[in-house]
Amino acid sequence: MAGTIQSTEPLNPAPGGAAELAGRPVARIGFGVMQLERPAVGRGAALAILRQAVGAGVNHLDTAQFYGACNELIRAALAPYPDHLVLVSKVGAVRDEAARPPLVAAQRPAELRAQVDANLESLGTEQLGVVNLRRLDGPIGIRAEGEQRVELDDQLAELTALRDEGKIGGIGLSNVSADQLRQALPAGIACVQNAYSVLDRAAEAVLDQCREHGIGWVPFFPLGSAGFAHLPKVTDNATVTAIAAELGVTPAQVGLAWLLAHYDKTLLIAGTADPVHLAENIAAGDVKLPGDALAALDRLSVPGSAPESVPGPAQ
């Protein structure tokens, strides 16, 4: 059953303010849907949280066909889609339940095209606002081997053709190095998704490139992750929790507010299956960090190097 949110304008002001993504205005606080495919969430709860997000002014949803049921949930909850909603997907892998994690590399140009078409079909739309190319030679996730080790230029040529055909509105990159971003610039890059938080700034050189060229920055694992030893949990950090207590907000809100303050083209896609946490994440856009708090948070980490490869799900 389709959702009831069909207006052409957001119901609420843009959480966190607005920025541009592939030529379209989006709220700086978006929503990553990956957690909604977990069986424990339940279909009804997943549909409700998607409607809650969009009803609160979120208009940037981050998804992928290889997440499982997420695209179908978005379609069931929100179609026909409001005009302001920007659906962003990811390509570079396909789901394989026999694998652990349940993903296999699909990096070849023809495979990227097939994934775009699959996303369009499952979402029930004629165009994806942005498609992020998930490279599998970075520090997190599954690795491309053999014939799946594909030249970046060949992948970008296919995505450029898809953009020219109108199937995608913009090209993004995920899990890339500063050199790869620099190589991709002639293709016109709308955004970059890399792991990044107040405690993990291994991707600072990539962010510097985004700043220089006005490219959207979409950090995943913005609060760290219990599943990766090199991605410390922001909400467990003593400085973060002390600032949160002083301001009367949650540690997660402090971590997200720092990201928003760190670069004006940061777009957040923190995911959750909990409606309370979703409301807190959206409210992080209203948290104003005093100068001394920002300075203390800035001192928590310095740019570093992530491990060469850490197996895990593609974000």
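The values are calculated or read from the model by the stated rules, or taken from the named source; none is laboratory data. Please read all numbers here as calculations on a predicted model, not as lab measurements. Note that we place each Cβ from the backbone using ideal geometry, even for glycine, and neighbour counts take in every protein chain shown. These accessible areas exclude ligands, DNA and RNA; they are computed on the full protein's heavy atoms, side chains included. Shrake-Rupley method; radii C 1.70, N 1.55, O 1.52, S 1.80 Å.
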Note to self: Under the 0.36 nm per residue contour assumption, what length would be gained going from the current alpha-carbon distance of VAL41 and LEU185 to full extension?
What the structure shows: 47.9 nm
Item checked: Euclidean distance between Cα centres, the range 196-213 to the range 67-92, Å -> 27
Notebook entry, point to check: If you take the beta carbon distance between GLU97 and ALA118 as r and set R0 to 22 Å, what does 1/(1 + (r/R0)^6) give as a FRET efficiency, to the nearest 0.05?
Noted result: 0.85
Notebook entry, point to check: Between GLU212 and ALA245, what is the FRET efficiency for a Förster distance of 41 Å, r being their Cβ-Cβ separation, to the nearest 0.05?
Noted result: 0.65
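Give me the percent relative contact order of the chain, please, defined on Cα pairs under 8 angstrom at least 6 residues apart.
Once normalised by length, the contact order is 20 percent.
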Margin query: Looking at the chain only, what percent of DSSP beta bridges run antiparallel? Nearest 5 please.
Written below: 20
Item checked: Amide N proximity, the range 281-296 versus ALA238 label position 7 Å along Cα-to-Cβ, cut-off under 17 Å -> 296
Checklist line | For the range 87-94, 3J(HN,Hα) per residue [Karplus equation, 6.51 cos²θ - 1.76 cosθ + 1.60, θ = phi - 60°, Hz, x = Gly/Pro] | finding: 9, 10, 10, 9, 10, x, 8, 10
Check: Where a Cα-Cα gap under 19 Å defines reach, which lysines qualify for LYS288, not counting those fewer than 8 residues away within the same chain?
Finding: LYS265
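Kirkwood hydrodynamic radius for the chain: how many Å is it when counted over pairs of different Cα atoms?
So the Kirkwood estimate lands at 19.5 Å.
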Check: What does the convex hull of the Cα atoms of the range 1-158 come to per residue, in Å³, rounded to a whole number?
Finding: 125
Note to self: Tell me the carbon and sulfur percent of the accessible area for the range 128-181, rounded to whole percent, probe radius 1.4 Å.
What the structure shows: 42
Item checked: Accessible area per residue, Å², the range 52-201 with all protein chains present, probe 1.4 Å -> 33
Next item on the list: Apply the Karplus parameterisation 6.51 cos²θ - 1.76 cosθ + 1.60, with θ equal to phi minus 60°, to every residue of the range 132-145 and state each ³J(HN,Hα) to the nearest whole Hz, in sequence, with x for glycine and proline.
Entry: 8, 7, 8, 6, 10, 10, x, x, 10, x, 5, 10, 7, 10
Margin query: In whole percent, and with a 1.4 Å probe on the protein chains, what portion of the accessible area of the range 14-85 is carbon and sulfur?
Written below: 54
Check: Going 7 Å from the Cα of LYS288 toward and past its Cβ, which residues in the range 248-280 have a backbone nitrogen under 20 Å from where you end up?
Finding: 248-251, 253-266
Next item on the list: May I ask you to evaluate 6.51 cos²θ - 1.76 cosθ + 1.60, the Karplus curve with θ = phi - 60°, for each residue of the range 186-191 and list the ³J(HN,Hα) values in order in whole Hz, giving x for glycine and proline?
Entry: x, 6, x, 9, 7, 6
Checklist line | Cα principal axis extents for the range 164-315, largest first, Å | finding: 50, 32, 31
